[in-house]
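The values are calculated or read from the model by the stated rules, or taken from the named source; none is laboratory data. Everything quoted here is computed from the prediction, not taken from an experiment. Cβ atoms come from the backbone with ideal geometry, glycine included; neighbour counts cover every protein chain shown. The protein model used for the area step is the full one, side chains on, heavy atoms only, and it has no ligands, DNA or RNA in it. Shrake-Rupley method; radii C 1.70, N 1.55, O 1.52, S 1.80 Å.
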Amino acid sequence: RVHGGSRSVASMREVLTLQFGHFSNFTGTHFWNTQDEGNLYQHAPSWEVLYRESSTREGTVYYPRTVIFDAVDSLGSLREDGTWAKIKHQTETQVLEEEKKSWRFNIELISRERTEMSTYRKQIQTELEQSDDDEDNENENDNRHKTDNSASAPQSSPAPTTDVDIPDIPENPAFVESDVRTWSDFLKSSFHPKSIFLTPDIFHPSPTFNMVAQGTQLFSNSIGLSEGMTDRVRLFLEECDRLDGLHVMLDTQNGFGGLALATLQTLRDDLPKRPFYVFPLTSPGTKPQENLDEQSEVSTISKLDRRSLSVVNQAQILSQLHELDCHQMPMNLNHINAVPGLDTYDMWSPFHTSSLCSALIDSSSLLYRLKTDSLTLSSYVNGLSPNQQCSIFCGSMDFPFSFGNRLGIVPRLQDIGPLFNSSKVLRMLPGLQFGTNDEPVLPYSESIVCRGVVEKVLGREHFDEYLEQYYCKRRATCLNPHPYPIPIPHPQYFSRSLTDAGLTHDAKPKGATIIGADGVWMPSAPETTPFTRPGDVFSTPILSHVQNSRAVNDYLRKVSGGIDRTEVTAMVTQDLRTCDVTRDDLEEIANRLWTIVDDYEELL
């Protein structure tokens, strides 16, 4: 829950975020955790853009304006209404005895094993339940005081007892990354009771629900599901006074991508002129087993089938989003096995990879989420696109954007060079070629956000000079002193050569931790919590870059060529046929992508 200030005219823009699939919800959880942490900063973005206001008996609270779609059994200890399972729960005997009081027929109790709550959530839930117990005891004492006038003072009643052993909570538990099995295990934010929608008949994990076409077919064949999904989105749309557009995170490697496409197609009829800014997210693959014979015929065929299916899914996502007039920034980090500054980064971990996707989404979107001097989502995406035919963006970032006294900010920028073709930044798409230094593939337009650096440390004139040296004229820039917050929980994969502010150790005087608004170092580290560990990074500067360039054609050609008649394997073709997708349909998708390639070559 985020409590905001007064509502300003400049920030009365509302963006609804939709999340489709388990990996997208990993990314979304990092995103909302970051928002929850970031709203504590002085230079935080406008909370009204992403949050909705709710009135409760306890006062006004703010929930993320989001709808989350996932499979049954994907929530862990989180319930569908956004509440959490209690640690102090009743035994089966207690439940039966209580039900018999109101039901005179025989009762059969059907139960299943409880999902183990993560250490992080267990600590939070224990504190909440203890607070509720204290409040109940206080109310009971007040009632006793009213009825017993002869007592000089009410006596404190004992805490409620239970026959169930309460799990022992360590006095100072740290966040345990190995506890993360699902995205709710590291969820910090609270959601509206109607934010979560579980798709019936699809259970997590569901390895057979691995085709985008399955999702579109399921949406078409199930009227109850299609109406339920669209009605849930419309519930949040109807309460928006000034809708700026949609943020959409979707999985590209399973049926939830198809459910997303079908839902967006329905919503496009309702919102013909609103921008849909879509982030197609490719989840990390399965880590190879050391004892697997990679040379065996079976494993080779399986690998070919997986690769073929992956390309078909991506092709369907790209082409259909283009048909729906969506702006999109695809992200696929399966080509990245190491990241400078992130010593323990694990490319096979959805917890790690999704945190990087979230960091780019959060930082690049600052340009239309600031409280003052902010663009709208529509002006942002239209500024990056010459027309709707060229609306696929490439993202990159330097995370952490670390520097120090020996290598200051300006030398660090010069060391990186132009972001659009630098090899020293993290690229979110594989295989892009940006030419050579003599003949670079210049972007048509771009947006650049530098966070965690104040103008008194990096003069605006120096930043502009750096941009003029390397970048095109069509650009939107933001130099924001608010660093990218690293909430708990978040992967602590950072190099131990960095400070708690994400900088090199020579970057600050002893005892100082962050740069203040006046441009000097200040001793204001975050307060120690039960989850912090020595050496943890609490925030870091970040440099993000989004561009529209014909370099995206390298990615489009690879996907288009991958669904050629001779490339799609027989097994994948047979599976697609069960979803009414023929080879002619694949050829039509390939032709659409080649048309986009031609548009980029002609216009950019």
In whole Hz, the Karplus estimates of ³J(HN,Hα) for region 473-486 (6.51, -1.76, 1.60; θ = phi - 60°; x where Gly or Pro) are 7, 8, 8, 10, 10, 8, 10, 10, x, 6, x, 6, x, 10
Taking amide hydrogens as modeled 1.01 Å from N in the peptide plane, which residues meet the under 5 Å criterion relative to Y51, leaving out close sequence neighbours?
R65
Out of residues 5 or more away from S74 or on other chains, whose amide H comes under 5 Å of its own, with H placed 1.01 Å from N in the peptide plane?
H204
³J(HN,Hα), Karplus 6.51/-1.76/1.60, whole Hz, each residue of region 175-182, x for Gly, Pro:
5, 9, 5, 5, 6, 6, 10, 9
The long-range amide H neighbours of G502, using H built 1.01 Å from N in the peptide plane and a cut-off of under 5 Å, are F538, S539
Enumerate the calculated ³J(HN,Hα) couplings along region 572-578 in order (Karplus 6.51 cos²θ - 1.76 cosθ + 1.60, θ = phi - 60°), each rounded to whole Hz, writing x wherever the residue is Gly or Pro.
5, 4, 5, 5, 5, 4, 5
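Please give the contour-minus-distance gain from E588 to Q469: 0.36 nm per residue of separation, less the Cα-Cα distance, rounded to one decimal in nm.
Net length gain for the segment: 38.6 nm.
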Give me the net charge of P386's neighbourhood, meaning all other residues with Cβ under 12 Å from the Cβ of P386; Lys, Arg count +1, Asp, Glu -1.
0
Would you mind classifying region 298-424 by shape? Square roots of the alpha carbon gyration tensor eigenvalues, ordered a ≥ b ≥ c; an a/c under 1.5 is rounded, otherwise it is prolate if a/b is larger than b/c and oblate if not.
oblate
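GluC sites (Glu not before Pro) within region 538-604: which are DSSP loop residues with at most 14 other Cβ atoms inside 10 Å?
Details: sites: E567, E587, E588, E601, E602; in loops: E567.
Answer by residue number: there is no such site.
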For the ranges 348-358, 231-241, what's the packing order if you count other beta-carbon atoms within 10 Å of each residue, average per peptide, and put the highest first?
348-358, 231-241
Let me check something: with ligands and nucleic acids excluded, how do R583, R306, R57 order by accessible area (1.4 Å probe), largest to smallest?
R57, R306, R583
Taking Lys and Arg as +1 and Asp and Glu as -1, residues besides R557 with C-beta under 13 Å from its C-beta add up to -3
For region 324-426, with +1 on Lys and Arg beta carbons and -1 on Asp and Glu, the positive-most of Y368, M331, L356 along the dipole
Y368
